[in-house]
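Presented below is the structure to which this report refers.
The values are calculated or read from the model by the stated rules, or taken from the named source; none is laboratory data. The structure presented is a predicted model; accordingly, all values stated were derived computationally and were not measured. Cβ atoms come from the backbone with ideal geometry, glycine included; neighbour counts cover every protein chain shown.
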Amino acid sequence: MSSEAVQKIKQSSFIVGIVFFLTVILLLIWGYNGLLNWAQDKNDAPINEVVIHGDFIYIDRDELTSGIQQKLDGSFFTLDVDWLRGQIEENPWVYAASIRKEWPQKYMSLL
């Protein structure tokens, strides 16, 4: 083989390598974007169940559960647990609240 043929093979393999690298990068970006859109869509990962544990002396469990369900906005992944805990603790009969998400569609609170 002449040196020109070897040089052309090296150049073409370099170009193929760059095209492959850029293709992989674009596929990773596309996959990340698709996963992010899925995680943020509240219809794909909704919270369907609210479970509350604790002592209910001065407050009704069903009333508190319905109040929490009205304040739930977002999907399992986008729900701001700190904000929701603050909303629950605004109730004068709630001393402290502990919140936990359980995959796939459950939210648990301990009062």
Checklist entry - Is there a residue being among the acidic types (Asp, Glu), in a helix (DSSP H, G or I) and out of contact with any helix residue (DSSP H, G or I) (no Cβ under 8 Å at 6 or more places or on another chain) anywhere in segment 3-13? => result yes
Checklist entry - Can you pull out the residues in segment 50-70 that are assigned to a helix (DSSP H, G or I) and of a type outside the set (A, V, I, L, M, F, W, C)? => result 61, 62, 63, 65, 66, 67, 69, 70
Checklist entry - Taking residue 73 and the conditions (1) surrounded by 10 or more Cβ atoms within 10 Å (Cβ to Cβ); (2) assigned to a helix (DSSP H, G or I), which numbered condition does it fall short on, given that it satisfies the others? => result (2)
Item to check | Breaking point among (1) under 28 Å from residue 34 (Cβ atoms); (2) in contact with a Phe, Trp or Tyr (Cβ under 8 Å, 6 or more places away or on another chain), for residue 83 | outcome: (2)
Item to check | Some residue of segment 2-9 being surrounded by fewer than 11 Cβ atoms within 10 Å (Cβ to Cβ) and under 20 Å from the mean Cα position of the chain (by Cα) | outcome: no
Checklist entry - If you check every pair at least six apart or on different chains, which have Cβ atoms under 6 Å apart with a residue in segment 71-100 that is in contact (Cβ under 8 Å) with a residue 24 or more places away in the chain first and a residue that is of a type in the set (S, T, N, Q) and not in a loop (DSSP other than H, G, I, E, B) second? => result 78/40
Item to check | Index of the failed condition, residue 47 passing every other in (1) in contact with a strand residue (DSSP E or B) (Cβ under 8 Å, 6 or more places away or on another chain); (2) not in a loop (DSSP other than H, G, I, E, B) | outcome: (2)
Next on the checklist: One residue is enough: does segment 2-16 have a residue meeting the conditions in the same structural domain as residue 102 (by TED's automatic domain parsing), small (Gly, Ala, Ser) and modelled with pLDDT under 75?
Outcome noted: no
